[in-house]
Every structure is written in C-alpha cells, then in structure tokens.
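The values are calculated or read from the model by the stated rules, or taken from the named source; none is laboratory data. Computed from a prediction, not measured in an experiment: that's the story for all the values here. Ideal geometry is used to build each Cβ from the backbone, glycine not excepted, and the neighbour counts take in all protein chains shown. SASA here: full protein model, heavy atoms, side chains in, ligands and nucleic acids out. Shrake-Rupley method; radii C 1.70, N 1.55, O 1.52, S 1.80 Å.
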Amino acid sequence: MKRIFVIDWILMVVFIMSAISGFGLHVAGHGGSHEIWHNWAVSHVFGSMLFLIAVIFHVATHWGWYKGIVKKGIGRKSKVTAVLSIVFLLLSVTGLALLGINGANSLLGLWHYKIGVITTVIALGHVIKRLSVFRKSLNCRK
C-alpha cells in the first residue's frame with residue numbers, strides 16, 4: 001500500500017479515537033465522578049496527540065495542494081477541505097492551550113468542544129467524499 005494511504009488509514013483510526021474520547025469527556029463532565037472524567041481526559045489527550053501527528057503527516061503528503069492555494073488562489077479546489085484545515089487549526093490551538101490550564105468547565109474548554117463538534121462533522125464529510133478512494137487503496141499492491 002502506498003505511504004499516503006497508510007497515513008490516511010491511520011488518520012481515520014486516530015480521528016475516531018479522538019472524536020469518541022472527546023464526546024466521552026464532554027459527557028463525563030456532566031457526571032459526578034472525577035475519576036471517570038479523568039480517564040476520558042487522558043484518553044482524549046493521548047488519542048488527540050496521535051491524531052495531530054497523523055494530520056501533520058497527512059498535510060505534508062498533500063503540501064502541493066496548499067501551495068497551489070497560496071500561488072493561484074482557491075479556484076476549483078475543495079472549499080470544504082480549506083474550511084476543514086482552518087477549523088482544525090483552531091481546534092488544535094485551543095486543545096494545546098488547554099494543556100496549560102485547568103480546562104475543566106472553562107470557557108476555552110467549551111469553545112474547544114464546540115469547534116470539535118464542527119470539525120467532526122466537516123471531517124466526516126471530507127472522508128465520506130473519499131470513501132471510494134479508500135476502498136481502492138485496499139486493493140493497491142505497491
């Protein structure tokens with residue numbers, strides 16, 4: 001399988017880990033058990049760091065797409081992908097900022113959650129549009 005597809009499959013797995021743990025963390029924040037909330041928080045930080053690393057590799061493999069936007073403008077390129085890139089950047093900045101503060105029940109934590117929901121929806125659309133390419137990548141022998 002080509003390197004780009006390996007990165008994309010890893011990205012899908014860690015995206016699922018990050019999204020599920022993020023929603024679990026949010027739900028646990030409404031409960032009474034700090035231990036359960038803490039376990040979700042650790043899981044979310046771990047999964048999200050893996051996701052961030054995979055996104056960096058993903059963007060690196062598609063760097064030409066970003067350079068094309070800078071040189072020629074967005075033109076016929078996917079507006080959804082451009083929006084996803086910007087929203088994910090906001091999500092990453094807020095998430096990394098939360099590492100330095102007590103983020104539980106904070107305004108920044110709530111913003112991070114809301115941006116995370118938006119990112120999840122856009123990312124699902126991004127993936128669904130490319131499902132046929134993912135299926136074909138499984139048959140690739142290179």
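Side notes on the structure shown:
- Apportionment of accessible area to carbon and sulfur, the chain, percent (1.4 Å): 72 percent
- Computed accessible area, PHE88, all protein chains, 1.4 angstrom probe, square angstrom: 30 Å²
- For region 34-41, backbone phi angles converted through the Karplus equation (6.51, -1.76, 1.60; θ = phi - 60°) give residue-by-residue couplings of 5, 5, 5, 4, 4, 4, 5, 4 Hz, Gly and Pro being listed as x.
- Summed over the residues of region 1-135 and divided among them, the accessible surface reaches 64 Å² per residue at a probe radius of 1.4 Å.
- For region 108-124, Karplus couplings with θ = phi - 60° (6.51, -1.76, 1.60), whole Hz, Gly/Pro x: 4, x, 5, 5, 4, 4, 5, 5, x, 5, 4, 4, 4, 5, 5, 5, 4
- The lysines within cross-link reach of LYS79, meaning a Cα-to-Cα straight distance under 28 Å and a gap of 8 or more places when in the same chain, are LYS2, LYS67, LYS71, LYS114, LYS129, LYS136.
- Cα-derived Rg over Rh, computed across region 4-51 with Rh taken as Kirkwood radius: 1.11
- With R₀ set to 25 Å, the beta-carbon distance separating HIS62 from LEU108 gives a calculated FRET efficiency near 0.30.
- Simple rule: put +1 on each Lys or Arg Cβ and -1 on each Asp or Glu Cβ in the chain, find the dipole, and look at TRP63, GLY47, ILE101; the Cα lying farthest toward the positive end is TRP63.
- In order along region 15-30, phi translates into HN-Hα couplings of 4, 4, 4, 5, 5, 5, 5, x, 5, x, 4, 4, 5, 5, x, 8 Hz, rounded to whole numbers, per the Karplus curve 6.51 cos²θ - 1.76 cosθ + 1.60 with θ = phi - 60° and x for Gly and Pro.
- Each of LYS129, LYS2 has its accessible area taken with a 1.4 Å probe; listed largest first, they run LYS129, LYS2.
- Dipole magnitude of the chain, debye to nearest 20 (Cβ charges: Lys/Arg +1, Asp/Glu -1, about Cα centre): 1200 debye
- Prolate/oblate/rounded label for region 84-140 (Cα gyration tensor, a/c 1.5): prolate
- Value at 222 nm in deg cm²/dmol, rounded to 500, when DSSP H runs of n ≥ 4 in the chain each add -39,500 (n - 2.57): -28500 deg cm²/dmol
- Pairwise centroid distance, computed over Cα atoms, of region 79-117 with region 1-72, Å: 12 Å
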